[in-house]
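**Student:** My questions will all concern the structure given below.
The values are calculated or read from the model by the stated rules, or taken from the named source; none is laboratory data. Keep in mind the model is a prediction, meaning the values are calculated, not measured. Note that each Cβ is placed from the backbone with ideal geometry, even for glycine, and that neighbours are counted across all protein chains shown. Accessible surface is based on the protein model in full, side chains and every heavy atom, while ligands, DNA and RNA are left aside. Shrake-Rupley method; radii C 1.70, N 1.55, O 1.52, S 1.80 Å.
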Amino acid sequence: MATGDPEGSAAERDSGPTALRIVLGSQLRRLREGAEISRADAGYAIRGSESKISRMELGRVGLKERDVSDLLTMYGMTDADARDKFLAMVRRSNAPGWWHRYTDLMPDWFQDYVGLEEAASRILTYETQFVPGLLQTEAYAMAIASHGRPELAGPPVKRRVSLRMQRQKVMFRPGAPRLWAVIDESVLHRPIGGRQVLLDQIDYLLSVTKEAPITLQIVPYQLSGYAAEGPFTMLRFGEPDLPDIVYLEHLAGALYLDKLEELEVYSRVFDRLTVDAETPDRSRQMLLKVRAAL
């Protein structure tokens, strides 16, 4: 039967483990469908269930080399070299990302997001209360993480801020994702950390939007709240096998939306936000005006 291309594209070879897991899951789905095998039958073959196969194919769980080897046999992949390369990628997909040392601070749902964020080619984000995490200064992030009491911040809070700063490095590496951020005007007037922290934060926004692959737009007060009910982030990937993902965070966890109809809703909402917001140039003028007032 079909053997696929386990060598993969450059995007597969260079992606982080989370993205690689999704690519491998997609390839397993194509092999299963090519062999005309149901998810239920595939699940039974590896002592699992239909839902386990579904989670594997969506990249929602780690891939066990033994399970994948059994599935490849079932799906008709007999070429030894192709199998070895596929299983080598499975092992790489289980390697911890750089964020592994912070897992004691991160719930499982956020570990997945960090991996996806690192693999994205475009990040579209809308924020209503804070500057987006990828654009925060260390002092601004510390003010948020410490609930306004940075002088009382202990090691866990400091490490949480360190994680946020580490995440930002993705924006300045070769081949960095393009970040398109839309924020509510109220964010510029919310004195997170006090006057100097906010002033430095605005200076940083002026700096990175001038040099880095970052677009920033500000929704003025008069149009605030019409296009979207709350913050969200949409991740888009250069690899065709990786579907767009919308990430919604709440107090008890997070939601990952990837159904076509859900993605279409959020794509339309983001398009509306970019129309309602000031242009990038006018948004920079707003930043300068707020800075002057401070």
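**Student:** Any residue at all in segment 18-34 that is at negative phi, part of a loop (DSSP other than H, G, I, E, B) and touching a residue at least 12 places away in the same chain (Cβ under 8 Å)?
**Tutor:** No, segment 18-34 contains no residue that is at negative phi, part of a loop (DSSP other than H, G, I, E, B) and touching a residue at least 12 places away in the same chain (Cβ under 8 Å).
**Student:** List every residue pair whose Cβ atoms lie under 6 Å apart, where the two residues are 6 or more positions apart in sequence or sit on different chains, the first residue falls within segment 242-262 and is in contact (Cβ under 8 Å) with a residue 40 or more places away in the chain, and the second residue, located anywhere, is open to solvent by 30 Å² or more (accessible area, probe 1.4 Å) and polar (S, T, N, Q).
**Tutor:** Close Cβ pairs (under 6 Å, with a partner that is open to solvent by 30 Å² or more (accessible area, probe 1.4 Å) and polar (S, T, N, Q)) do not exist here.
**Student:** Turning to a different aspect of this structure: From Thr73, Thr18, which residue is among the polar types (S, T, N, Q), out of contact with any strand residue (DSSP E or B) (no Cβ under 9 Å at 6 or more places or on another chain) and open to solvent by 60 Å² or more (accessible area, probe 1.4 Å)?
**Tutor:** Only one candidate qualifies: Thr73.
**Student:** Within segment 35-70, restricting attention to residues that are acidic (Asp, Glu) and on the phi < 0 side of the Ramachandran plot, which residue is surrounded by the most Cβ atoms within 10 Å (Cβ to Cβ)?
**Tutor:** The extreme case among them is Glu57.
**Student:** For the structure I just gave you, tell me whether Glu239 is in a loop (DSSP other than H, G, I, E, B), acidic (Asp, Glu) and in contact (Cβ under 8 Å) with a residue 24 or more places away in the chain.
**Tutor:** Judged against the criteria, Glu239 is a match.
**Student:** Does Leu28 satisfy the criteria of being open to solvent by less than 10 Å² (accessible area, probe 1.4 Å), under 18 Å from Pro240 (Cα atoms) and modelled with pLDDT of 85 or more?
**Tutor:** Yes: the conditions hold for Leu28.
**Student:** Can you tell me which residues in segment 247-294 are on the phi > 0 side of the Ramachandran plot and acidic (Asp, Glu)?
**Tutor:** Result: no residue meets the conditions.
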